[in-house]
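Here the structure is laid out as structure tokens; the discussion comes afterwards.
The values are calculated or read from the model by the stated rules, or taken from the named source; none is laboratory data. Because the structure is a prediction, the values reported are computed rather than measured. Here the Cβ positions follow ideal geometry from the backbone for every residue, glycine too, while neighbour counts run over all protein chains shown.
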Amino acid sequence: MPQLTLRALLPQDWTDVRRIYQEGISSGNSTFQTEAPTWEQWDASHLQACRLVAVMGDAIVGWAVLAAISARPVYRGVAEVSVYVAAAAHGQGVGSALMRELVAASESHGFWTLQAGIFAENTASLALHCRAGFRRVGHRERMGQLHGVWRDVVLMERRVGSPACALADGSCENGK
């Protein structure tokens, strides 16, 4: 297996980033989005800091970014996390490597809280976030419909310096 390296996400990576995002959209378990945006839309909706890609051999196999949760100055240290891994690279540690680097980069850029909203059925993403020190802070029932089906969203949060919190069963706290 080729070595995994992480580097800054560049505009010229968009074709691969979009392809991986579209795989996540097609899975039906990653986002309420039904189609990938243009580069301009995507670029405008994500922070310039903390943009990463994972490269294995010559191929981009994952990406991670932050998005502001609000334009209000009081929330400048709070961001929403997105981590996507190509289907062909699932189970190879790509998500964990991206998350570790994203957490470290976010803290070095002054973020004190990272948030994520994850479909309740996306157990792989829930476990990834738990391993990175996120904890469950809420469960929003029937948050929205995707292809006519109501979906629940688990709200997760990580504060600066949070230790990993996953229990043996992959849950975050007290079996929740």
By residue number, the members of the range 34-73 that are touching a residue at least 12 places away in the same chain (Cβ under 8 Å) and polar (S, T, N, Q) are 34, 45
Starting from the range 1-29, take each residue that is more than 10 Å from residue 84 (Cα to Cα) and list its partners that are aromatic (Phe, Trp, Tyr), counting only C-beta distances under 6 angstrom and pairs at least six apart or across chains. 9/63; 14/39; 29/119
Since residue 125 meets every condition but one in (1) in a helix (DSSP H, G or I); (2) in contact (Cβ under 8 Å) with a residue 24 or more places away in the chain; (3) farther than 19 Å from residue 30 by Cα; (4) not acidic (Asp, Glu), which condition does it not meet? (3)
Restricting the first residue to the range 91-113 and requiring it to be over 27 Å from residue 73 (Cα atoms), which pairs with a second residue that is part of a loop (DSSP other than H, G, I, E, B) meet a Cβ separation below 9 Å and a spacing of at least six or different chains? 92/1; 94/86; 96/132
Against the definition (under 20 Å from residue 36 (Cβ atoms) and either loosely packed, with under 14 Cβ neighbours inside 10 Å or small (Gly, Ala, Ser) (or both)), how does residue 88 come out, yes or no? yes
Need pairs with beta-carbon distance below 8 Å; first residue at negative phi and within the range 148-174, second at pLDDT below 55 and surrounded by 14 or more Cβ atoms within 10 Å (Cβ to Cβ); sequence gap 6+ or separate chains. 172/166
With (1) surrounded by 15 or more Cβ atoms within 10 Å (Cβ to Cβ); (2) within 11 Å of the chain's Cα centre (by Cα) as the list, and residue 67 as the residue in question, which single condition is left unmet? (1)
So which of 103, 153, 83 is closer than 24 Å to residue 14 by Cα, part of a strand (DSSP E or B) and modelled with pLDDT of 95 or more? 83
Anything in the range 106-122 that is in contact with a strand residue (DSSP E or B) (Cβ under 7 Å, 6 or more places away or on another chain), assigned to a loop (DSSP other than H, G, I, E, B), of a type outside the set (Gly, Ala, Ser) and surrounded by 15 or more Cβ atoms within 10 Å (Cβ to Cβ)? List them, or say none. 111
